[in-house]
Structure formats: C-alpha cells, structure tokens
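Reading through the structure tokens given below for one structure.
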Amino acid sequence: MERSLAPHEAAIASAGVRLVLHSELEGSLDDAVLARALVQLRKSYPLTAGSITHRTGETRPHVQVGESAAGPALGHSSDFDDEISAPLDWGKGPLLRVSVVRDGRTRVVMTLLRAFADAMSYQALHQRLWTLYTALATGRPLPAGPVRPVLGPALDDILAARFTPARLRDFVAERAGLDTQAPPALLPALASRDGGPGPDPSFGITRVEASPRRYERLLSQARTASLSLNSLVSGALLTSLRSLFPTQKEPVRVLCTMAVDMRRRLSPPMPPEILQSAATTTSIRLWIGGDAQPVDVGRDMAAQLRAHLDSGAAAMELAAFPYMLEQRPPSLVITNVGTIAEPPLPPGLRISRVRLAPLGRVPMIFAVISRYRGRLTVDLTHSRAWYTETQIKELSGHLAAALEPA
C-alpha cells in the first residue's frame, strides 16, 4: 500500500519536521508490557511502520506501508533533549519512535513524522497505546483490527477540488501583496550562520504553565471579555512577542499562522482516530503597538479567524500550498490542541502531564497551547540552529507575566 505525498506532506517530510508527544508518569511503568503494547499498536496503525521512498524521475516522494515492515520498537534513554533531537531516517522507517526516558523522572516520548499526524490523530494514537497497555497489564480484551483507512487520501487533494487553479493563484498573489506592502516582523535568528542554519542540530522546548487556580482565573478573564481561552492566550503570545522587538511605540506588523482542524469541516467528517495530517493553517496579519493588551489582540485575532473560516481562506491556504512555498515565514505559529483526555491506566500508574511539540530545523517558533488535568500549558519550541535559548527564555518570561490575570 502506498501513495505519493501531497505537497504539504512532502514539504514537511523534506524539512524533517517531527511531532513529539511526551507523557510524564507517576508510579510503576512495566517496560515489557509497554513493548508488547507497541507490537499491538503497529497492528492498529500499520502506517507507524511505514517509510518514505524517493523514485527516480519523480519529484514527490512516496509513503509505503508494507505488511512485513518492522514496527516501532521500544527504546530507552537517560536524556530528554537527546531523545527529542535524535537523528531519524524516515527512508528506513518506521515513522513512529517510542522511548522511555528516565532522568530523575519517567517519561514516554513518542516521535512521529509530522506529515502523517496532527494533534487530533496523535492524541487518538496516544489513547490507543495506553488502552493496549492497560488491557495487557490487566488481562482485558484487546481492541480488534486496524483503524481504517490505514492510509487516507491527502488533505491537499480533498481541499483543492473545491477551488479552481486560477482562484488559488489569485489568493496567493493577494496574500503576497499584503506582505510586500508591510513585511512581517521576525525575531532575529541569532543562532544562524550566514543566512542558514547554525551548527547545533538539537531542539528546545520551553514550558510556560498555569496552575489550576491560575487557569480558572484566565477562564474567567476570557469569559468577561467574551473571548475563548485560546484567543486570550494567543493574544498574550503575540503581545509577548511584540515586546522583543526594539520599536517600543510604533505598531509592528505581525504575521501569525494558526492551526485549523479540518476534520469536522470535511464532508463526511474525518474521525480523529484516522492517522493523518488533517489540519491547515490560516494566516492572521495584525498591527500590534507597544502598549497593546492581550484581550484586544485576541479579539482582533478571533475576528480574522472567523472570517477566514467563513470565506474558505483557511481551506485555500492548504489547497494552494504548491503556490505558497515562496511566501514570507510567519512571526509565530500557534496551535491549540484543546483539552487532552487522560488515558485509561492500570492501578498504580498515573500520567501527570501530556504535551505536544512540533520540532523541525526550520526558522520558525512554534507555540502549542494545551490543557490537561486542570493545567494550562504553552510550549514554545524552536530549533537551536536558528534561535538561542536566551531569546526563547525572554519570550517565555514575557508570556508568563502576560498570563497572570489582573
């Protein structure tokens, strides 16, 4: 079973962008049972054992899912940073890597090629892994059969059928014109070398977390302002980024791309259990002054997001992906993964934290907003080939202050 990668999948695979889901555990984890659960997970999701191939004379690579391909094997590590930055060969497969990291605490780290997963399907994969683990640990029946389709059609093709090529080219030209008139402000890539990536191949994840009490206060603030929590936190992210630019008074042009789940917007809707990249992004362009408040920025963002969904612009961004490869990079990429469900577990084991992080050696800063067990977390992820730890720590400090409700 195979198919060629869609343009957005091929671009992600070429950039080596991975999606890391890491869980922090309390209690006794049985590594042998987890290894057996991985064998069963490969049966549920044969794509996890897939590989990426390049054929002579073809511009786009293929993904292959073979019955005899080896599935992910359980690895072990004592260093979290080494694990999330480990070199991966997608051509050899498998497309999923799972390791237990013990470095004073116990974490299970799942790494999957971003081209074939989004936040929804990755959470479903995570739930299935722990459902299998619990069934094996307690003697309960295992889930039967693979999740189908094993290899779904590319989202690019589904969305492109809604528009004519001329409409997509006009859409791209219009967006390019906006950014030519007012180029978006970008955080200087201080770790880069001669305009390209620096020598450090590793990735960094910086966490900003709100306690349950602080989370409830943020919810109250959002409701009072008639905003979603995601809009309020996104406003805080952008005002925090704005603080890093030298111009203190004049407004700064910011280009923010926000992830948009397309599963429920397809006809018929695509279930979250299907392992696939089924999210697009929509580009929000804002002028942000030095004294801008998160509530006001969040309100402007929410209005643009609604307009882009209503007009079809969000769908066009992915449908037009082949035309958009030369577009200007965003100032920030924001993904809201919502509330992560607590997986089923056997007695004596608990997952205290679950977090998601897109990681790639690309000149972009990713911010992932998630909620788990009453905590709000924003993960700032970056490539150390482009940005320094000092830059990201400064951004996280501004964000922590912005998320402190008045």
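Rounded to the nearest 0.05, what FRET efficiency do S211 and S28 give with R0 = 25 Å and r taken as the Cβ-Cβ distance? Could you check?
Working: r = 27 Å, r/R0 = 1.07.
Given R0 = 25 Å and the Cβ-Cβ separation, E is 0.40.
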May I ask for log10 I(q)/I(0) of segment 2-138 at q = 0.13, 0.20, 0.22 Å⁻¹, from a Debye sum over the Cα atoms as equal point scatterers with solvent left out?
-0.56, -1.23, -1.43
Could you do me a favour and compute the accessible area per residue for the chain, 1.4 Å probe, result in Å²?
43 Å²
At R0 = 22 Å the Cβ-Cβ FRET efficiency linking A161 and S4, nearest 0.05, sits at 0.85
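If you count, for each residue, the other Cβ atoms within 10 Å and average over each peptide, how do 20-29, 167-176 line up from highest to lowest?
With the highest mean Cβ count within 10 Å placed first, the list reads 20-29, 167-176.
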Please report the accessible area of L19 (heavy atoms, 1.4 Å probe, ligands and nucleic acids excluded) in Å², nearest 10.
10 Å²
Can you tell me the relative contact order of the chain? Whole percent, Cα pairs under 8 Å, sequence separation 6 or more.
24 percent
With contacts defined as alpha carbon pairs under 8 Å and 6 or more residues apart, what's the relative contact order of segment 2-138 in percent?
34 percent
Tell me which lysines have Cα within less than 24 Å of K92's Cα, excluding those fewer than 8 residues away on the same chain?
K43
Relative contact order [Cα under 8 Å, 6+ residues apart], segment 78-168, whole percent
16 percent
Taking only DSSP H segments of four or more residues, each worth -39500 (n - 2.57), what value at 222 nm results for the chain once the sum is divided by all its residues, to the nearest 500 deg cm²/dmol?
-10500 deg cm²/dmol
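Give me the percent of accessible area attributable to carbon and sulfur for segment 2-138, probe 1.4 angstrom. Walk me through the intermediate numbers first.
On the way: 2490 of 5220 Å².
Looking at segment 2-138 in its full context, I get 48 percent from C and S.
The values are calculated or read from the model by the stated rules, or taken from the named source; none is laboratory data. These numbers come from a predicted model, not from an experiment. Counting neighbours? That spans all protein chains shown, and the Cβs are built from the backbone with ideal geometry, glycine included. Note: areas computed on protein heavy atoms with side chains; ligands, DNA, RNA excluded. Shrake-Rupley method; radii C 1.70, N 1.55, O 1.52, S 1.80 Å.
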